[in-house]
Amino acid sequence: MNIDLIFKIAGIGIIVAVLYNVLEQAGKKEAGFAVTLVGVIVIFLMVIQLVADFFNAVRTMFQL
């Protein structure tokens, strides 16, 4: 597993948390929620791509 992916996910998480706190302090809870939702979707897409790559590797390994 690539350690860069873990750092990317952690970085996105930190950025989203900071943005959420800033927006919440500014009274923009809806925008904070939107930022959190976008962050979760981006991380989810990264994980889906990793799982797809895994299944392609398994499929290639077991092809005759």
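The values are calculated or read from the model by the stated rules, or taken from the named source; none is laboratory data. Remember, it's a predicted structure, so these values are computed and weren't measured experimentally. Cβ atoms come from the backbone with ideal geometry, glycine included; neighbour counts cover every protein chain shown.
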**Request:** Could you list all residues from the range 1-32 that are among the aromatic types (Phe, Trp, Tyr) and within 23 Å of residue 54 (Cα to Cα)?
**Result:** 7
**Request:** Just one of (1) among the small types (Gly, Ala, Ser); (2) more than 15 Å from the chain's Cα centre (by Cα); (3) in a helix (DSSP H, G or I) trips up residue 27, so point out which.
**Result:** (3)
**Fill in**
Here the residues within the range 28-64 that are hydroxyl-bearing (Ser, Thr, Tyr) and modelled with pLDDT under 95 are 60
**Message:** For the range 6-39, give me each residue that is loosely packed, with under 14 Cβ neighbours inside 10 Å and within 26 Å of residue 57 (Cβ to Cβ).
**Reply:** 6, 7, 10, 11
